[in-house]
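Undergrad: Please find one structure pasted underneath; my questions will follow.
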Amino acid sequence: MYTTVFWRNTLQRSKVETFIGFSIRARKVVSGTNSVEAARKICSVFVCHTASDNAKKIALSKAKKCKVPLVLVKGKSVEEILNKENCKMFAITDANLNKAVMDNLDENYEIIFRGEN
């Protein structure tokens with residue numbers, strides 16, 4: 001019985017991670033620095049706290065260019081959220097899923113750039 005309770009607690013995800021998972025299943029996520037840079041229509045950019053300064057600059061310039069929010073992921077790494085090795089940033093491309101993610105941001109996510117000039 002104890003192991004079952006422990007197992008359930010380790011699998012709990014935040015609402016943000018759940019909505020990001022929905023976005024992945026719907027194929028509305030672009031992951032990786034080069035893919036985010038090349039994407040045409042994005043609604044928000046997420047960058048990992050472990051990303052290099054150069055990757056953070058790329059994410060900020062893309063967010064400014066597209067006038068979308070830039071969010072720093074502080075709790076888990078982007079690798080753990082997306083289950084992709086060496087991934088440091090991703091972007092959401094669907095407006096409805098993006099609104100759900102942005103409305104449920106918690107203390108593990110910090111908005112660096114709001115999307116206005």
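The values are calculated or read from the model by the stated rules, or taken from the named source; none is laboratory data. It should be emphasised that the depicted structure is a prediction, and the values quoted were computed from it without experimental measurement. Virtual Cβ from ideal backbone geometry, glycine too; neighbours counted across all protein chains shown. Just so you know, the surface numbers come from the protein's heavy atoms only, side chains and all, with ligands and any DNA or RNA stripped out. Shrake-Rupley method; radii C 1.70, N 1.55, O 1.52, S 1.80 Å.
Undergrad: Here's a check for you: in region 57-77, which residue that is among the basic types (Lys, Arg) and over 13 Å from the mean Cα position of the chain (by Cα) is nearest to Ala38 (Cα to Cα)?
TA: Lys62
Undergrad: Answer with yes or no whether Asn54 is open to solvent by 60 Å² or more (accessible area, probe 1.4 Å) and assigned to a helix (DSSP H, G or I). Give the steps one after another, and end with the answer.
TA: On the way: open to solvent by 60 Å² or more (accessible area, probe 1.4 Å): yes; assigned to a helix (DSSP H, G or I): yes.
So Asn54 passes the test.
Undergrad: Only one residue in Lys67, Lys41 is touching a residue at least 24 places away in the same chain (Cβ under 8 Å) and on the phi > 0 side of the Ramachandran plot. Which one?
TA: Lys67
Undergrad: I've got another one for you. Being touching a helix residue (DSSP H, G or I) at 6+ places or on another chain (Cβ under 6 Å), in contact (Cβ under 8 Å) with a residue 12 or more places away in the chain and either among the hydrophobic types (A, V, I, L, M, F, W, C) or surrounded by 15 or more Cβ atoms within 10 Å (Cβ to Cβ) (or both) is the requirement here; does Ala100 meet it?
TA: It is true that Ala100 is touching a helix residue (DSSP H, G or I) at 6+ places or on another chain (Cβ under 6 Å), in contact (Cβ under 8 Å) with a residue 12 or more places away in the chain and either among the hydrophobic types (A, V, I, L, M, F, W, C) or surrounded by 15 or more Cβ atoms within 10 Å (Cβ to Cβ) (or both).
Undergrad: Let me ask something else about it. Tell me which residues, restricted to region 91-115, are assigned to a strand (DSSP E or B) and not hydroxyl-bearing (Ser, Thr, Tyr).
TA: Ala91, Ile92, Glu110, Ile111, Ile112, Phe113
Undergrad: Further, regarding this structure: Let me confirm something: among Thr93, Thr33, which residue is touching a strand residue (DSSP E or B) at 6+ places or on another chain (Cβ under 7 Å), open to solvent by less than 60 Å² (accessible area, probe 1.4 Å), touching a residue at least 60 places away in the same chain (Cβ under 8 Å) and not charged (D, E, K, R)?
TA: On the way: Thr33 fails: touching a residue at least 60 places away in the same chain (Cβ under 8 Å).
The unique qualifying residue is Thr93.
Undergrad: Within region 59-80, which residues are farther than 15 Å from Ile92 by Cβ and touching a helix residue (DSSP H, G or I) at 6+ places or on another chain (Cβ under 6 Å)?
TA: none
Undergrad: Can you tell me which residue is nearest to Asp103 (Cα to Cα) among those in region 31-57 that are among the hydrophobic types (A, V, I, L, M, F, W, C) and touching a Ser or Thr at 6+ places or on another chain (Cβ under 6 Å)?
TA: Ile42
This table checks each residue for (1) modelled with pLDDT under 95; (2) of a type outside the set (Lys, Arg); (3) more than 14 Å from Thr93 (Cα to Cα).
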{"site": "Gln12", "(1), (2), (3)": "yes, yes, yes"}
{"site": "Phe22", "(1), (2), (3)": "yes, yes, no"}
{"site": "Val29", "(1), (2), (3)": "no, yes, no"}
{"site": "Val47", "(1), (2), (3)": "no, yes, yes"}
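Undergrad: Here's a follow-up. Residue by residue through region 78-90, note down the ones that are open to solvent by less than 60 Å² (accessible area, probe 1.4 Å) and either under 17 Å from Phe22 (Cβ atoms) or in a helix (DSSP H, G or I) (or both).
TA: Val78, Glu79, Ile81, Leu82, Phe90
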